[in-house]
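The values are calculated or read from the model by the stated rules, or taken from the named source; none is laboratory data. Just so you know, these numbers come straight off a predicted model, no measurement behind them. With ideal geometry, Cβ positions are generated from the backbone for all residues, glycine too; neighbour counts draw on all protein chains shown.
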Amino acid sequence: MNVRACLAVLAALLLAGPAAAQGFADMGAPAEGFALPDPARVLEFPADHGAHPEFRIEWWYLTATLTAADGTEMGAQWTLFRTALAPGEGAGWSSPQLWMGHAAVTTPDAHHVAERLARGGVGQAGVVLEGGFRAWIDDWQMLSRSGPGEDALDRLSLTATGPEFAYALELQAEGPLVAHGTRGYSVKSEGGQASHYYSQPFYRVSGRVDLPGGPIQVTGSAWLDREWSSQPLAADQSGWDWFSLSFQDGEKLMGFVLRDGGDGFTSGTWIDADGTPHPLPAGALRAEALETHAVAGREVPVTWRLTLAERGLNVTLRALNPGAWMATSVPYWEGPVRIEGSHQGRGYLEMTGY
């Protein structure tokens, strides 16, 4: 069995085995020996843009809503996941870090997906802060172009390729980093599971997407999520529905529902146009699935109603492409949505555990 095959088997065993008793993707499993999020911790930049090998789970997660010159809407995703077999780091093949990359392009008529797997310690994947910021797996890359006095994530170049797509995007932040929860300490359950979580939701994007029909020049906006933990879910949480929404007036909303055997756990952040965050009390955001779509042998909700009384929010989210299934080692649904109702705009929806 070659190295990639070994990594695929290991990722499947570690992340995608029967997980109902341990939360989605085994994220509710005990994390003995690993660090746990600290509510007193203050996020530090640029250090926290890098990896946290003392924690078990971490990701750099970017989604972009794009528009072609002819008005066609589409979306792009670039994600680098880090999972540790043991806390800490080691040299070469002794590194306990496993890396997984997901990239996708979603159009109204197609959903193109690619996955990369890598072992840490040998240069195939990683995140470094020397000279700014660089995250990569094989030839996929998220690279800082920031200059003096700018945050390392203010200007990024983003590249990825798959069997039927490629993209090269340039990102410019037009607002500040946003910490979720209490100074970046984001609670995920009534039992106190949590993560450290912040975003850069203010990117302006331009670049090129290559599809089977040829290259397409695109513009749009993007949202980068940074999150790390060791046991972010409770054992009875089977998955989540996550929303990142950008409204036409410049305000934004990050919200999630963590599904369990009851009503679920909801939370999120309302973000003013200037980047001021307003953490939402647990349960304030209401999410109701309205329509489902059959994909990969599952019924997945692809039309949602979201309400938030304190902000006068009552919107319907409709998937640009209901078939945006990520058929990867850890399968899930991920795609762009249109926002209708009290607020207009575009966003992204991620759903796991279906």
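Observations
- Residue in segment 105-136 that is surrounded by the most Cβ atoms within 10 Å (Cβ to Cβ), counting only those that are touching a strand residue (DSSP E or B) at 6+ places or on another chain (Cβ under 6 Å) and basic (K, R): R116
- Within segment 53-63, being at pLDDT 95 or above and either surrounded by fewer than 20 Cβ atoms within 10 Å (Cβ to Cβ) or aliphatic (A, V, I, L, M) (or both) holds for W59, L62.
- H343 being surrounded by 17 or more Cβ atoms within 10 Å (Cβ to Cβ) and not in a strand (DSSP E or B): yes
- In segment 227-238, the qualifying residues are those that are surrounded by fewer than 24 Cβ atoms within 10 Å (Cβ to Cβ) and modelled with pLDDT of 70 or more, and the one that is farthest from W60 (Cα to Cα) is S238.
- Pair list, Cβ under 8 Å, 6 or more apart: segment 70-98 residue without any contact (Cβ under 8 Å) to a residue 12 or more places away in the chain and hydrophobic (A, V, I, L, M, F, W, C), other residue surrounded by fewer than 18 Cβ atoms within 10 Å (Cβ to Cβ) and assigned to a strand (DSSP E or B): none
- Cross-chain or 6+ apart pairs with Cβ under 6 Å, segment 206-218 first and closer than 14 Å to T72 by Cα and in contact (Cβ under 8 Å) with a residue 12 or more places away in the chain, then crowded, with 16+ Cβ neighbours inside 10 Å and aromatic (F, W, Y): V209/Y167; L211/F165
- Hey, A68 among the aliphatic types (A, V, I, L, M), under 20 Å from E227 (Cα atoms) and modelled with pLDDT of 95 or more or not: no
- Set S144, S157: member being surrounded by 19 or more Cβ atoms within 10 Å (Cβ to Cβ) and among the polar types (S, T, N, Q): S144
- Among the residues of segment 258-286, those identified as modelled with pLDDT of 90 or more and either crowded, with 19+ Cβ neighbours inside 10 Å or outside any loop (DSSP other than H, G, I, E, B) (or both) are G268, T269, W270, I271, P277, H278, P279, L280, L285, R286.
- The combined condition, being touching a Leu at 6+ places or on another chain (Cβ under 8 Å), buried (at least 20 other Cβ atoms within 10 Å of the Cβ) and more than 19 Å from W78 (Cα to Cα), is not fulfilled by S199.
- For segment 16-48, the set of residues classified as under 16 Å from S189 (Cβ atoms) and at pLDDT 50 or above consists of M27, A29, P30, A31, L36, P37, P39, listed by residue number.
- Filter result for V315 (at negative phi, surrounded by 14 or more Cβ atoms within 10 Å (Cβ to Cβ) and not in a strand (DSSP E or B)): no
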